[in-house]
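Following: one structure in structure tokens, then a few remarks.
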Amino acid sequence: MAAMPGIVAAAVLQKSDDSELKDTAACEGPDFDKDRSLDGLCAKLLTTGFQATNIGLAVKEIERMRAWRLSDVPITENEDDDFKSPEVRRNTKAKIFLAYTSNMISSGVREVIRYLVQHKHVDVLVTTGGGIEEDLMKCLAPHKMGDFALRGKDLRPKGLNRIGNLLVPNDTYCKFEDWLRPILHKMHDEVDAKANTDDAFHWTPSSMIDRFGQEINDESSVYYWCHKNNIPVFCPAITDGSIGDMLYFHSYKRPGFIVDIARDIRLINDEAVKAKATGMIIIGGGLVKHHTCNANLMRNGANFAVFVNTGQEFDGSDSGARPDEAVSWGKIRMEAKPVKVYADATLAF
């Protein structure tokens, strides 16, 4: 029998050096015969591999940001007197920013976000114009299930708007306009009543959203609970959607309504700068991702970060950028252990 060629043996039967793997966990998925609990499933995600492992790592990162206390770190020489008390330090938590694109509110993830703000699990929200209006619209009429394959030219004559496999009737937007129109007039009245006084003011996106949450007065609303629990919501693109349409119509009927976005940039930056530690949970990309990260740049980066999106970095977009790119900008701290989950957030969040 001929001997195996040496080059083949060297290539195929090369001896392993697994000394560095001694303490590494084995790849193993959940065993439902032993444990069917949610905690058991989450624990096994870590060793399932691929994006399941990244979800498991994201869970751990969020657990760390929620568990952090100022008492975990030593008192610095320039520490404020107010934060030297052991009790105060034990009760000072990381400030958690939750950012999400409008399609999360379009979908059933809205109910997850509502739960989080209702029970004060997050401290600051950042979203887009659609992320505001669709929450309010759902209090007036539900979105309906559809199909990705429904054709636009068939839906348009019926007044049905498609968001992926969801449908929003035009009538819902009409109901939203009927609801919002008198509120905008009231808000305009309040500005005019204080014009040329020491209490003169303009509405900011965050103060408008707080007012909308008060006016909707519906416990199914994310922004009702934000108003009730004093959780600020930042939306620099509040005019990019139906609310912008309403402001456009209002400007013809009654010019002079001003939205002050400059004040809100100070407010969101101060939320980050004045925090002893921050965590970012960013669902999706685009404006909400950059706006949240940029606020944390003002404090030399967030201490904790989880990104969930399907974006890729090959095109140089901020949406697809991995957390390590944010480290280079000072938006996430160098010692942090950020996680990116490549997944549809309706599955992962």
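The values are calculated or read from the model by the stated rules, or taken from the named source; none is laboratory data. As the structure is a computational prediction, the values presented were derived from the model and not from experiment. Quick reminder, even Gly has a Cβ in these numbers, built from the backbone with ideal geometry, and neighbours come from all protein chains shown. When the accessible area is computed, the model is the full protein with side chains, heavy atoms only, and any ligands, DNA or RNA have been set aside. Shrake-Rupley method; radii C 1.70, N 1.55, O 1.52, S 1.80 Å.
For Lys175, project a label point 7 Å along Cα to C-beta. Then give me every residue of region 215-248 with its amide nitrogen under 16 Å of that point.
Zone members listed by number: 216-222.
Given (1) 31, 24, 18; (2) 43, 29, 19; (3) 37, 21, 19 as candidate values of semi-axes √(5λ) of the Cα gyration tensor in Å, which corresponds to the one derived from the coordinates?
Evaluating semi-axes √(5λ) of the Cα gyration tensor in Å on these atoms matches (2).
What are the extents of the Cα atoms of region 41-191 along their three principal axes, listed from largest to smallest and rounded to whole Å?
Taking max minus min along each principal axis of the Cα atoms, region 41-191 gives 67, 55, 22 Å.
Run the dipole for the chain about the Cα centre, Lys and Arg Cβ at +1, Asp and Glu Cβ at -1, nothing else charged, and hand back the magnitude in debye, nearest 20.
On the way: 43 positive and 50 negative charges, 92 e Å.
Using only the charged Cβ atoms, the result is roughly 440 debye.
When the chain is fully extended, how far beyond the present Cα-Cα distance does Leu347 get from Ser328, taking 0.36 nm per residue of separation? Don't skip to the answer; put the middle values down first.
Numbers: separation 19, 0.36 × 19 = 6.84 nm, distance 2.96 nm.
Here the answer is 3.9 nm.
Taking the Cα centre of region 20-88 as the origin and placing charges on Cβ (Lys, Arg +1; Asp, Glu -1), which of Cys27, Leu70, Ser85 is farthest toward the positive end of the dipole?
Toward the positive end, the furthest listed residue is Cys27.
May I ask you to list the lysines whose Cα is less than 21 Å away from that of Lys144, ignoring any residue fewer than eight positions away on the same chain?
Answer for Lys144, where 21 Å is the Cα cut-off: Lys153, Lys158, Lys175, listed by chain and number.
Return the aspartates and glutamates within reach of Lys289: Cα separation strictly under 17 angstrom, same-chain partners fewer than 8 residues apart disregarded; answer none if there are no such residues.
By straight Cα distance, Lys289 reaches Asp123, Asp240, Asp264, Glu271, Glu313, Asp315, Asp318, Asp324, Glu325, Asp344.
Please build a GNM for the chain, connecting alpha carbons under 10 Å apart, and tell me which residue among Ala25, Ala11, Ala237 fluctuates the most.
Ala11
Work out the FRET efficiency for His121 and Arg263 from their Cβ-Cβ distance, taking R0 = 41 Å, and round it to the nearest 0.05.
Numbers: r = 27 Å, r/R0 = 0.65.
Efficiency for this residue pair is about 0.95.
Once you wrap a convex hull around the alpha carbon atoms of region 64-115, what is its projected area averaged over all directions, in nm²?
Average of the hull's projected areas for region 64-115 equals 5.2 nm².
Just need the relative contact order of the chain here, percent rounded to a whole number, with Cα pairs under 8 Å and 6+ apart. Don't skip to the end; give the middle numbers.
Working: 534 pairs, mean separation 65.0, N = 349.
With pairs under 8 Å counted, the relative contact order is 19 percent.
What is the magnitude of the charge dipole of region 274-346 about its Cα centre, with +1 placed on the Cβ of each Lys and Arg, -1 on the Cβ of each Asp and Glu, and no other charges, expressed in debye to the nearest 20?
On the way: 9 positive and 7 negative charges, 97 e Å.
About 460 debye.
Highest first, please rank the peptides 51-59, 108-116 by the mean number of other Cβ atoms sitting within 10 Å of their residues.
Numbers: 51-59: 19.6, 108-116: 16.7.
The densest-packed peptide leads the list: 51-59, 108-116.
Counting only heavy atoms of protein chains, what accessible area per residue, in Å², does the chain have with a probe of 1.4 Å?
Details: 19680 Å² over 349 residues.
For the chain, the solvent-accessible area averages 56 Å² per residue.
Pairs Lys34/Lys60; Lys34/Lys340; Lys60/Lys340: which exceed 18 Å Cα-Cα? Don't skip to the answer; put the middle values down first.
Values: Lys34/Lys60 22 Å; Lys34/Lys340 30 Å; Lys60/Lys340 12 Å.
Long pairs (Cα-Cα over 18 Å): Lys34/Lys60; Lys34/Lys340.
Can you pull the Kirkwood radius for region 137-265, inverse mean 1/r over Cα pairs, to one decimal in Å?
Working: mean 1/r = 0.0609 Å⁻¹.
Evaluated on region 137-265, it is 16.4 Å.
At a 1.4 Å probe, what is the % contribution of carbon and sulfur to the accessible area of region 80-150? It would help to have the intermediate numbers written out before the result.
Values: 1610 of 3150 Å².
Here carbon and sulfur together make up 51 percent of the probe-accessible area.
So if each residue of separation counts as 0.36 nm, and I subtract the Cα-Cα distance between Ala10 and Ile183, what length gain in nm does that give? It would help to have the intermediate numbers written out before the result.
Details: separation 173, 0.36 × 173 = 62.28 nm, distance 7.73 nm.
Between Ala10 and Ile183, full extension yields an extra 54.5 nm.
Treating only the Cβ atoms of Lys and Arg (+1) and Asp and Glu (-1) as charged, compute the dipole magnitude of region 121-227 about its Cα centre; round to the nearest 20 debye. Numbers along the way, then the final one.
Numbers: 12 positive and 18 negative charges, 165 e Å.
Result for region 121-227 is approximately 800 debye, rounded to the nearest 20.
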